[in-house]
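Taking it in order: structure first as structure tokens, then the write-up.
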Amino acid sequence: MIGVSILIFGLMMTFSPERRAAAFVTTPQMAKDIPMLIKKYGFDKPFYVQYFTWIKEVSHLNLGYSLVASRSVFDAFLYYFPITLELNLFASPCIILFGIWMGTIAGIKPNSFFDHFSRIFSIIGWSLPTFLFALVLMMIFYGYFPWFPPGVLSDKLTMFVMNSNDFIRYTHLYTIDGILNGRLDITLNALKYLALPVLTETIVICALLMRVMRSGMLEEMSKDYIITAMAKGADKKTIYLKHARRNALIPVITIAGQLIASLMEGSIAVEIIFNRQGIGWWLASSATQLDMPVLMSMCLVMAVVFVLSNLFVDLIYAYIDPRIRLS
Amino acid sequence: MLENHPKLKEIRFTLYRIFKNPTAFMGFALLLVFTFIAVFAPKIAPPKNLSNPYMIPHHGYSVTPKAPSEKHIFGTTTGQYDIFYGIVWGTRTAFRIGIFVISIALLIGVSIGTIAGYYGGIIDEIIMRLVDVVFAIPFLVLAMAIVVAFGRGLDNIMYAIAAVAWRNYVRVIRSGILTLRDQDFIQAAKIMGVSDIKIMIRHIIPNAVFPVMVIAFMECGSVVLTAAFMSFLGLGAPKGYADWGQMVAMARNYIVGPPGDPLKFWYTIIIPGTAIILFVLAWNLIGDALRDAFDPKLRRQ
């Protein structure tokens with residue numbers, strides 16, 4: 001029953017943003033007042049007709065043309081996606097592990113030194129503009145110490161990857177392709193370029209996770225079953241990590257959707273500053289060059305991703321917490 | 001007699017809770033400094049161009065930033081714009097963005113949330129699905145899309161952020177109202193024939209608005225952050241306008257100095273950047289303390 005209701009709800013959510021976006025997509029063209037174009041695409045038809053035409057186009061993955069990428073939005077998406085995926089593939093484990101770790105310790109000993117430290121850390125992470133933090137990091141680790149230059153891969157290796165016939169780009173992720181082709185130097189080089197972007201995202205985003213984890217941990221620690229376990233003299237470590245943390249993780253899962261959204265927002269700033277040509281970079285360039293179809297289709301894609309991740313979260317939730325499944 | 005009125009006692013306890021927290025004190029102090037700067041901006045940095053004081057004056061057109069000197073105590077950024085002047089008048093811009101956006105968002109969010117919570121049923125269902133839809137798209141992406149749709153400019157940035165930010169308040173105020181709606185005093189007012197609008201404005205909103213105000217305080221910082229980032233991208237004010245995000249953007253090409261002296265132009269980034277961070281930090285510290293003080297679970301610990 002729950003599964004069905006979630007599915008219907010999820011479908012409804014994917015449906016409505018499209019309607020919203022459809023209204024936007026048509027306006028610039030209508031404003032341009034090119035009668036031929038209007039006739040061709042049926043923009044003079046009533047709203048609902050346009051909407052269904054648009055839906056038909058979208059379902060055929062025809063999302064419009066991106067001026068910035070000078071190719072269709074769908075192709076451009078496939079072109080830019082691996083860079084962003086690679087960044088977030090490395091950033092999200094760092095964020096999750098670090099956030100949960102800090103949150104757990106802060107929750108076990110509230111008002112300890114570490115708790116205050118993590119509190120200040122999270123408020124600063126919350127207040128820190130991603131773009132500024134990235135700029136300062138680059139100032140230090142690229143300007144002062146020339147260790148971590150911006151970009152994706154060094155020029156020499158980029159040329160090699162582009163021109164070599166032997167190097168097969170299985171996944172288009174440089175780190176993984178490097179391993180698959182037995183070229184560890186490419187993997188290491190790509191990791192070097194990833195270090196600062198991942199660090200930026202981790203520091204800025206893990207604040208949210210930390211707070212939720214801490215409050216979840218605090219709540220669990222004051223519950224009766226923990227006190228019972230303490231009273232019978234169970235191992236402290238077992239109580240903290242096995243009993244309390246596992247229960248405290250449940251509310252954390254619910255913010256997964258929010259985390260994905262903030263990862264996306266984070267990668268806009270990070271990719272702009274570190275000159276990594278991924279989805280975020282594309283979005284920001286499209287915004288500055290008023291490339292409307294890109295922004296609209298990205299809104300749509302994001303909404304779909306968000307809904308799918310929420311659906312996924314709900315399913316996982318039921319799996320992890322049997323109380324929900326049974327109720 | 002009046003001294004021991006429970007309401008007064010409660011307010012006193014709340015204030016005590018807020019100011020016992022050293023971080024809140026720091027937040028208020030920071031905010032006070034910023035308010036002072038914003039109010040006395042014409043005194044601290046007298047504008048040269050009286051008709052448009054928000055434009056930063058510039059001496060010359062040289063692109064290379066100049067280090068802090070007696071004439072320009074924070075130095076000049078590219079195009080010889082005075083950084084000190086930009087910071088002082090940028091404070092006004094930041095306050096304007098924060099207060100304007102939050103008030104518009106509050107107005108929309110509270111009124112929609114109140115209608116949804118008070119009437120319930122099909123109206124509630126429709127409104128909440130609409131909110132779900134707005135929630136499905138990341139804040140920044142949606143705001144950027146709206147700015148692009150309506151054209152660049154600082155004002156449009158403010159409208160766009162307000163058009164997205166209201167979603168945060170609807171759910172909070174609605175859940176507050178759901179518990180209020182069936183209470184006796186509301187029923188009594190209804191029986192006495194008070195109109196729905198009057199009930200909402202006089203009886204429901206004052207009782208449910210508090211948690212929303214706390215969130216609004218916390219959001220103020222993130223609103224300024226988002227606006228700064230969009231200015232940084234170049235979606236905001238024209239060049240030379242006193243806006244911190246734009247000042248960082250102007251300095252972007254100077255993060256790495258000439259060979260041999262890589263940190264030469266540090267002031268072009270660090271000074272406007274510090275202003276942004278401190279401003280946002282002030283709001284966040286206060287918001288954090290307010291939340292702790294009003295959270296019934298944490299309040300009496």
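The values are calculated or read from the model by the stated rules, or taken from the named source; none is laboratory data. Quick caveat: nothing in here was measured; it's all calculated off a predicted structure. So basically every Cβ, Gly included, is an ideal-geometry build from the backbone, and we count neighbours across all protein chains shown. Keep in mind that these areas ignore ligands, DNA and RNA; they rest on the heavy atoms of the full protein, side chains included. Shrake-Rupley method; radii C 1.70, N 1.55, O 1.52, S 1.80 Å.
A few notes on this one:
- Checking every residue in region A:47-54 against the condition of being more than 13 Å from chain B (Cβ to nearest Cβ) and modelled with pLDDT of 80 or more gives zero matches.
- Among the criteria (1) within 11 Å of chain A (Cβ to nearest Cβ); (2) under 30 Å from B:PHE28 (Cα atoms); (3) within 20 Å of the chain's Cα centre (by Cα), the one B:THR268 does not fulfil is (3).
- Which numbered condition B:ILE73 misses (of (1) within 30 Å of B:ASP292 (Cα to Cα); (2) open to solvent by 60 Å² or more (accessible area, probe 1.4 Å); (3) of a type outside the set (D, E, K, R)): (1)
- Enumeration of residues in region A:208-233 that are of a type in the set (Gly, Ala, Ser) and either open to solvent by less than 20 Å² (accessible area, probe 1.4 Å) or farther than 14 Å from A:PRO110 by Cα (or both): A:GLY216, A:ALA229, A:ALA231, A:GLY233
- Hey, A:ALA287 among the small types (Gly, Ala, Ser) and crowded, with 17+ Cβ neighbours inside 10 Å or not: yes
- In region B:175-212, residue nearest to the other protein chains (Cβ to nearest Cβ) [restricted to those that are within 30 Å of A:TRP126 (Cα to Cα) and crowded, with 16+ Cβ neighbours inside 10 Å]: B:PRO211
- Looking at region A:239-315, the helices (runs of 4 or more DSSP H) lying wholly inside it that each contain 1 or more residues that are within 12 Å of chain B (Cβ to nearest Cβ) and among the β-branched types (Val, Ile, Thr) sit at A:256-273, A:279-288.
- Search result, residues across region A:316-327 that are part of a helix (DSSP H, G or I) and either open to solvent by less than 20 Å² (accessible area, probe 1.4 Å) or at pLDDT below 80 (or both): A:TYR317, A:ALA318, A:TYR319, A:ILE320, A:PRO322, A:ARG323, A:ILE324, A:ARG325, A:LEU326
- Residues (charged (D, E, K, R) and modelled with pLDDT of 75 or more) located in region B:37-69: B:LYS43
- B:ILE157 vs. criteria surrounded by 19 or more Cβ atoms within 10 Å (Cβ to Cβ), in contact with a Cys (Cβ under 6 Å, 6 or more places away or on another chain) and within 12 Å of chain A (Cβ to nearest Cβ): no
- Those residues of region B:230-239 which are open to solvent by less than 20 Å² (accessible area, probe 1.4 Å) and either more than 9 Å from chain A (Cβ to nearest Cβ) or in contact with an Asp or Glu (Cβ under 9 Å, 6 or more places away or on another chain) (or both), in sequence order: B:SER231, B:GLY236, B:ALA237
- Output for region B:138-150, where each listed residue is at the interface with chain A (Cβ under 8 Å from one of its Cβ atoms) and not β-branched (Val, Ile, Thr): B:PRO138, B:PHE139, B:LEU140, B:LEU142, B:MET144, B:ALA145, B:ALA149
- Subset of region A:100-123 [among the β-branched types (Val, Ile, Thr) and more than 24 Å from the chain's Cα centre (by Cα)]: A:ILE105, A:ILE108, A:ILE120
- Tally, over region B:213-228, of residues that are of a type in the set (A, V, I, L, M), within 14 Å of chain A (Cβ to nearest Cβ) and buried (at least 22 other Cβ atoms within 10 Å of the Cβ): 5
This table checks each residue for (1) among the hydroxyl-bearing types (Ser, Thr, Tyr); (2) more than 30 Å from B:GLY109 (Cα to Cα).
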residue: B:SER195; (1), (2): yes, no
residue: B:ILE205; (1), (2): no, no
residue: B:MET213; (1), (2): no, no
residue: B:LEU233; (1), (2): no, no
residue: B:MET247; (1), (2): no, yes
residue: B:ILE271; (1), (2): no, yes
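- Pairs with Cβ under 6 Å, 6+ apart, first in region B:167-186 and in contact (Cβ under 8 Å) with a residue 12 or more places away in the chain and charged (D, E, K, R), second part of a helix (DSSP H, G or I) and open to solvent by less than 20 Å² (accessible area, probe 1.4 Å): B:ARG167/B:VAL131; B:ARG167/B:VAL134; B:ARG174/B:GLY113; B:ARG174/B:ALA116; B:ARG174/B:GLY117
- In region A:171-180, residue nearest to B:TYR267 (Cα to Cα) [restricted to those that are in a loop (DSSP other than H, G, I, E, B) and open to solvent by 40 Å² or more (accessible area, probe 1.4 Å)]: A:HIS172
- Evaluation of B:ILE112 against (1) out of contact with any helix residue (DSSP H, G or I) (no Cβ under 9 Å at 6 or more places or on another chain); (2) touching a residue at least 12 places away in the same chain (Cβ under 8 Å) (one fails), failing number: (1)
- Cβ-Cβ under 8 Å pairs, at least 6 apart or on other chains, region A:83-99 side free of Cβ contacts under 8 Å to residues at least 60 places away in the same chain, far side outside any helix (DSSP H, G or I): none
- Selection of region A:133-170 for residues being part of a loop (DSSP other than H, G, I, E, B), touching an Asp or Glu at 6+ places or on another chain (Cβ under 8 Å) and surrounded by 13 or more Cβ atoms within 10 Å (Cβ to Cβ) yields A:PHE167, A:ARG169.
- Qualifying positions in region B:106-132 - within 14 Å of chain A (Cβ to nearest Cβ), open to solvent by 10 Å² or more (accessible area, probe 1.4 Å) and aliphatic (A, V, I, L, M): B:ILE126, B:ILE127, B:MET128, B:LEU130
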